[in-house]
Amino acid sequence: MQQADLEKLYSQGVRLSPQASDLFLSYEGGVDIASEIAKLEKFVVEKEDLEKIFSQDKVPAPFSAEVVRSSDFKPLAKEIEPKLKFYPERDITGKSRCVGSVDNFIGYFRDRLERFRYSFKLRNSKLTVINLSNLKEWEGKEARIVAMVKEKGTTKNGNLKIVLEDEWGTLNAIFTPRTPKALEKAKGLLLDEVVAVEGKVAGEFLWGNDIVWLDMPVSREQKRSERDVAILYLSDLHFGSRFFLEHNFAHMINWLKGNEDRRDLAGKIKYMIISGDIVDGVGVYPNQEKELVIQDIFKQYEAFDKFMEQVPDYIEIIVTPGNHDAVRRSDPQPALSKDFIKSNVRLLGSPTWLEIEGLKHLLYHGTSLDSLIAAIPGMSYNAPEHPMIETLKRRHLSPIYGEGGNTIVPEERDYMIIDDEPDVLHMGHVHKNAVAMYRGTVVINSGTFQARTDYQVRIGHIPTPCIATTYEPHIGKISHVDFSNPAK
Ligand SMILES: [Fe+2]
């Protein structure tokens with residue numbers, strides 16, 4: 001600074017101590033000293049005051065906020081390889097041998113009985129598991145019988161009669177009000193399911209004391225993944241239907257690309273699972289053609305493919321069929337053919353098992369939910385998590401076989417048995433979002449992208465369209481991302 005600068009300050013009424021004057025004259029920085037001194041409102045400016053003012057020279061320029069554009073979207077999921085494991089032996093794809101013969105039916109039910117009996121024998125029980133061939137040896141004794149529920153009825157005396165059947169014979173298990181807990185359990189039995197019935201053998205009867213379902217172990221904990229990624233669960237898109245909500249689906253795809261809010265979550269999505277009813281299909285129910293905007297089933301899948309091609313390529317897409325898709329209607333359903341879906345997705349059957357990030361997933365469209373909701377008191381389409389939990393408890397995705405049940409093809413192996421403990425059970429079919437936790441299994445129903453149909457209006461069902469479910473297994477968090485407002 002020059003002497004002239006100092007005199008200018010004095011002329012503005014500023015007074016500096018002698019030490020401050022010396023410091024002022026030695027200053028070579030760029031701070032506007034006059035205005036800074038004015039802010040001090042001091043009669044005499046000291047050397048220390050000036051030192052403070054000059055120190056501003058060392059303060060770096062203030063931070064500017066980073067302007068983020070969608071082109072800057074750096075998804076975490078892009079940086080990592082997928083971690084998937086498949087279980088083809090648990091998937092019907094390519095293995096159907098059924099011709100519908102009597103032998104097929106016998107073989108199917110034998111497989112169901114044998115596998116349940118094997119699992120029950122692994123469980124601790126004070127009673128011996130016996131079969132229906134050597135009942136005389138057990139006359140007057142307590143035993144445990146693993147058998148299928150053939151019939152339910154009442155005796156002359158008004159007691160509950162359960163007709164049990166295994167490979168060797170049948171037996172009437174009787175439940176009376178003297179054992180109220182067992183009676184209540186017996187009322188909840190479903191036809192064709194396999195359970196363990198305990199009681200005392202008396203001639204051609206068994207006086208029932210208890211019923212045991214295989215169920216899931218009580219002490220299971222929710223499984224966590226090592227990596228912090230997210231899985232997106234969808235189902236029941238119904239491409240081709242005039243009720244398919246295309247704009248909302250486009251909104252969701254746009255979100256995956258990082259163009260919407262919740263980009264943190266979008267960027268974590270490494271897997272996308274679509275559990276059936278990809279298209280509305282053709283000829284699924286009478287007069288369906290009036291409800292279709294795309295009449296050709298190949299074109300319905302083409303429309304789906306167009307959207308899948310827009311999904312970021314680092315996301316693994318897994319597609320399983322439903323009752324509207326172009327495979328056989330009965331369970332278990334084989335994977336859709338590449339003749340229909342040509343985009344880069346993995347096609348598996350329904351049900352199917354796979355491991356994602358170390359979490360065992362059981363994927364099933366959920367066609368049997370109709371029969372379970374009809375047969376079990378207290379079940380409703382508004383809360384699909386309850387019948388889903390019933391499948392875990394009964395260790396079978398579709399226990400009721402015959403009339404009033406879900407059609408099952410009697411294959412050599414019963415693919416509907418839940419003979420493992422899934423970390424995630426995912427279904428769709430009922431167009432209603434639901435989540436629940438049952439003994440360490442995360443239960444997800446993924447809703448739909450189809451608006452309320454005329455049929456649903458008639459039966460009073462209110463769906464929850466356009467809500468995508470995500471699960472972050474590292475932190476154990478489930479989110480519902482709402483796309484019910486079409487894209488901006
Ligand atoms: Fe369905």
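The values are calculated or read from the model by the stated rules, or taken from the named source; none is laboratory data. Please read these numbers as outputs of a predicted model, since none were measured by experiment. Glycine also receives a Cβ, built like all others from the backbone with ideal geometry; neighbour counts cover every protein chain displayed. For accessibility, only protein heavy atoms count, side chains too; no ligands or nucleic acids. Shrake-Rupley method; radii C 1.70, N 1.55, O 1.52, S 1.80 Å.
Neighbours of Val229, meaning other residues whose beta-carbon lies under 13 angstrom from its beta-carbon, give a summed charge of -1 when Lys and Arg score +1 and Asp and Glu score -1. By the rule of a C-alpha distance below 29 Å, with chain neighbours fewer than 8 residues away ignored, the lysines paired with Lys152 are Lys121, Lys126, Lys136, Lys141, Lys161, Lys181, Lys185, Lys187, Lys200, Lys393. Taking the DSSP bridge list for the chain and keeping only pairs wholly inside it, about 65 percent are antiparallel.
Less than 13 Å Cβ to Cβ from Asp264, Lys/Arg counted +1 and Asp/Glu -1: what total charge do the surrounding residues give? For residues surrounding Asp264, the net value is +1. Other residues with beta-carbon under 13 Å from the beta-carbon of His461 carry, at +1 per Lys or Arg and -1 per Asp or Glu, a net charge of 0.
Computed over protein heavy atoms with a 1.4 Å probe, the carbon and sulfur contribution to the accessible area of the stretch 246-381 reaches 50%. Say R0 is 22 Å: what FRET efficiency, to the nearest 0.05, do Gln310 and Lys338 get from their beta-carbon distance? That gives a FRET efficiency of 0.65. Estimated at the nearest 10 Å², the accessible area of Met437 is 90 Å² with a 1.4 Å probe. Each part gets one Cα centre, and for the stretch 392-438 versus the stretch 8-49 those centres are 84 Å apart.
Rolling a 1.4 angstrom probe over the protein heavy atoms with all chains in place gives the stretch 31-183 an accessible area of 67 Å² per residue.
Which shape class, rounded, prolate or oblate, goes with the stretch 343-387 when its Cα gyration tensor gives a ≥ b ≥ c as root eigenvalues, a/c under 1.5 marks rounded, and past that a/b bigger than b/c marks prolate? Since a/c reaches 1.5 and a/b is larger than b/c, the shape of the stretch 343-387 is classed as prolate. Applying the criteria of a DSSP loop state and at most 15 other Cβ atoms within 10 Å to the chymotrypsin sites (Phe, Trp or Tyr not before Pro) of the stretch 301-360 yields Tyr314. Label-to-label distance, Lys150 versus Val212, with points set 7 angstrom from Cα along the beta-carbon direction: 2.4 nm. Across the protein chains, with a 1.4 Å probe defining accessible surface, the residues Cys466, Cys98 rank Cys98, Cys466 from largest area downward. Arg112 contributes about 0 Å² of solvent-accessible surface, heavy atoms of the protein only, 1.4 Å probe. Label-to-label distance for Val31 and Glu81 is 5.8 nm, based on points extended 7 Å past Cα in the beta-carbon direction.
Ordering Glu137, Glu165, Glu385, Glu221 by how much accessible area each has at a 1.4 Å probe, largest first, what is the list?
Of Glu137, Glu165, Glu385, Glu221, the descending order of accessible area is Glu221, Glu137, Glu165, Glu385.
Fully extending the segment from Lys95 to Asn382, taken as 0.36 nm per residue of separation minus the present Cα-Cα distance, adds 99.8 nm. With a cap of 12 neighbouring Cβ atoms within 10 Å, and only residues DSSP puts in a loop, list the trypsin sites (Lys or Arg not before Pro) found in the stretch 148-189. Answer by residue number: Lys156, Arg178. Computed with a 1.4 Å probe over protein heavy atoms only, the accessible area of Ser96 comes to about 50 Å². If you find the alpha carbon centre of the stretch 164-221 and of the stretch 312-352, how far apart are they in angstrom? Between the Cα centres of the stretch 164-221 and the stretch 312-352 lies a distance of 38 Å.
For Ile318, Ile467, the ranking by accessible surface with the largest value first comes to Ile467, Ile318, using a 1.4 Å probe. Taking label points 7 Å from Cα along the Cα-to-Cβ direction, Glu184 and Lys74 give a separation of 5.8 nm.
Please find the FRET efficiency linking Val102 to Glu48, where r is the Cβ-Cβ separation and R0 is fixed at 60 Å, and quote it to the nearest 0.05. Intermediate values should be presented prior to the final figure.
Values: r = 104 Å, r/R0 = 1.74.
Working from the Cβ atoms, E equals 0.05.
For the stretch 1-53, the list of GluC sites (Glu not before Pro) that fall in a loop by DSSP and count at most 11 other C-beta atoms within 10 angstrom reads Glu28, Glu41.
Grab the beta carbon distance between Phe298 and Gln56, set R0 = 60 Å, and tell me the FRET efficiency rounded to 0.05.
After rounding, the FRET efficiency stands at 0.25.
Got a sec? Which residues in the stretch 110-151 would a label at Ser219 touch, if it sits 7 Å along Cα→Cβ and we count backbone N under 14 Å? Label zone hits: 124. Annotation: amide H of Gln333 within the under-5 Å range of Ser350, sequence separation 5 or more or interchain, hydrogens built in the peptide plane. Per the Kirkwood formula applied to alpha carbons, the chain shows a radius of gyration over Rh ratio, Rg over Rh, of 1.28.
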